[in-house]
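The structure under discussion appears below in the form of structure tokens.
The values are calculated or read from the model by the stated rules, or taken from the named source; none is laboratory data. Everything numeric here is computed off the predicted structure, so don't read it as measured data. Cβ: placed from backbone, ideal geometry, glycine included. Neighbour counts: every protein chain shown. Accessible surface is based on the protein model in full, side chains and every heavy atom, while ligands, DNA and RNA are left aside. Shrake-Rupley method; radii C 1.70, N 1.55, O 1.52, S 1.80 Å.
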Amino acid sequence: MSFVEYSDCIQDGDVAIVYLSHNSVMPVKVQQGAQTQTRYGVIRHSTDLIGQPYGSKVTCSKGGWVYVLHPTPELWTVALPHRTQILYTTDIATITMMLELKPGSIVCESGTGSGSLSHAILRTIAPTGHLHTVEFHQQRAEKVQEEFAEHRVDHLVTVRNQDVCKDGFGVTGVADAIFLDIPSPWEAVGHAKAAMKRQAGGRLCSFSPCIEQVQRTCQALVDQGFEEINTLEVLLRIHDVRTVSLPLPDFGPDCRSDGVEETSPNYAAVSLKTTTPPREIPGHTGYLTFATKPRT
């Protein structure tokens with residue numbers, strides 16, 4: 001099992017995602033002889049998981065059942081243990097597209113946090129790319145490094161425990177893209193520019209919840225010679241698909257070309273599928289500021 005290479009069957013030592021319901025998933029470290037408690041009963045790893053194909057429907061001890069899924073960055077985002085506030089798939093998809101990430105890209109990230117975005121980046125840049133991620137908090141840096149090893153992507157990532165605003169990313173002139181998710185990103189813009197490729201240029205993204213942070217970051221980007229600076233906010237609207245019944249108006253009998261009247265079918269109403277927008281939508285998460293370091 002790896003987050004960037006898919007396996008057919010569950011093996012001892014894998015991290016699997018147990019799907020309980022649409023709004024409830026949980027990660028499980030598969031171990032010989034271990035058990036996992038769920039609201040549907042016990043899952044016995046040796047008999048219920050190991051050797052079974054991913055996607056299997058597993059019956060628990062109380063008679064209820066769950067699905068056991070192969071881990072993906074999207075599933076990990078909704079199942080991971082939160083050590084910090086995290087980015088969700090809506091923002092992650094936009095970041096991946098706007099930074100123009102692809103297999104082989106070299107990316108610098110700060111801060112790592114709970115690793116939600118990191119896993120998505122690693123899946124995108126594999127198998128030949130590399131992620132240099134910086135986390136200020138020592139315990140979080142150690143924990144995310146353990147998770148990368150457990151998820152078998154540690155060969156694609158270097159974790160550094162340092163202050164990016166003072167010490168930079170630990171690399172110079174190698175990055176195709178930079179991502180900043182820190183309280184004062186404007187203080188790291190100079191280090192970000194130094195980490196990017198000198199001649200090829202690259203893309204930068206900064207995530208900030210407050211517009212005052214965006215203003216200072218944009219000014220720092222201008223001062224450092226970045227171009228194509230723009231800020232956007234992504235709001236997700238999930239439409240509800242449902243069946244509605246609409247009354248049909250009575251326009252009277254139809255008249256054919258030969259003058260003979262036809263009686264219209266007596267349909268009082270018709271049922272059809274439609275979508276309705278949500279009455280409420282999730283509120284503001286943060287602003288995404290993008291910029292380009294021009295080629296020299």
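In order along the stretch 84-90, the phi-based Karplus estimate (6.51 cos²θ - 1.76 cosθ + 1.60, θ = phi - 60°) of 3J(HN,Hα) comes to 8, 5, 10, 8, 10, 4, 4 Hz; Gly and Pro are listed as x. Please compute the net charge surrounding residue 37, taking Lys and Arg as +1 and Asp and Glu as -1 over other residues with Cβ under 15 Å from its Cβ. Net charge around residue 37: +3.
Which order, highest average first, do 26-34, 12-20 follow once you tally other Cβ atoms within 10 Å for each residue and take the mean per peptide?
Details: 26-34: 15.1, 12-20: 19.0.
Going from most to least packed, we get 12-20, 26-34.
What number, in percent, do you get for the relative contact order of the stretch 173-249 if the mean sequence gap of Cα pairs under 8 Å and at least 6 apart is divided by its residue count? It would help to have the intermediate numbers written out before the result.
On the way: 63 pairs, mean separation 24.3, N = 77.
Normalised by residue count, the contact order of the stretch 173-249 is 32 percent.
Within the stretch 9-71, all pairs of alpha-carbon atoms sorted by distance into 5 Å bins from zero give the percentages 4, 21, 36, 28, 10, 1. Over the chain, accessible surface divided per residue gives 54 Å², non-protein components excluded, 1.4 Å probe.
What whole-number volume per residue, in cubic angstrom, does the convex hull of the C-alpha atoms of the chain give? Can you show the working numbers first?
Values: hull volume 68.0 nm³, N = 296.
It is 230 Å³ per residue.
Taking 0.36 nm per residue of separation and subtracting the current Cα-Cα distance, fully stretching the chain between residue 271 and residue 6 would add 91.1 nm. Comparing 179, 226, 251 in a Gaussian network model of the chain, where Cα atoms under 10 Å apart are tied by springs, the biggest mean-square fluctuation is seen for 251. For residue 2, the residues 5 or more places off, or on other chains, whose built amide H falls under 5 Å of its own are 7.
For GluC sites (Glu not before Pro), the sites in the stretch 64-135 that DSSP calls loop and that have at most 13 other Cβ atoms within 10 Å are 100.
Put simply, when 237-250, 141-154, 191-204 are sorted by average Cβ atoms within 10 angstrom per residue, most first, you get 191-204, 141-154, 237-250. Remark: the stretch 192-204, residue by residue, has Karplus-estimated 3J(HN,Hα) of 5, 4, 5, 6, 7, 4, 5, 8, 7, x, x, 10, 10 Hz, where x stands for each Gly or Pro and the curve is 6.51 cos²θ - 1.76 cosθ + 1.60 at θ = phi - 60°.
Computed from the C-beta positions of residue 34 and residue 155 and an R0 of 22 Å, the FRET efficiency is 0.25 to the nearest 0.05. The Cβ shell under 14 Å around residue 275 holds other residues with a net charge of +3, Lys and Arg each +1, Asp and Glu each -1.
Evaluate E = 1/(1 + (r/R0)^6) for residue 250 and residue 21, where r is the Cβ-Cβ distance and R0 equals 35 Å; express this FRET efficiency to the nearest 0.05. Before the final figure, lay out the partial values.
Details: r = 46 Å, r/R0 = 1.31.
The pair residue 250/residue 21 has a calculated efficiency of 0.15.
For the chain, give the percent of accessible area contributed by carbon and sulfur heavy atoms, probe 1.4 Å, rounded to a whole number. Display every interim value, and only then the final one.
On the way: 8040 of 15860 Å².
That fraction is 51 percent.
Here the 3J(HN,Hα) profile of the stretch 23-34, calculated from phi with Karplus coefficients 6.51, -1.76 and 1.60 at θ = phi - 60°, is 10, 9, 9, 8, x, 9, 7, 6, 9, 4, x, 7 Hz, Gly and Pro shown as x. Within a Cβ distance under 15 Å of residue 128, other residues only, what is the Lys/Arg minus Asp/Glu net charge? Summing Lys/Arg as +1 and Asp/Glu as -1 gives 0.
Averaging sequence separations of C-alpha pairs under 8 Å and six or more residues apart, then dividing by the length of the stretch 9-71, give the relative contact order as a whole percent. Walk me through the numbers before you get to the answer.
On the way: 133 pairs, mean separation 22.0, N = 63.
Across the stretch 9-71, relative contact order equals 35 percent.
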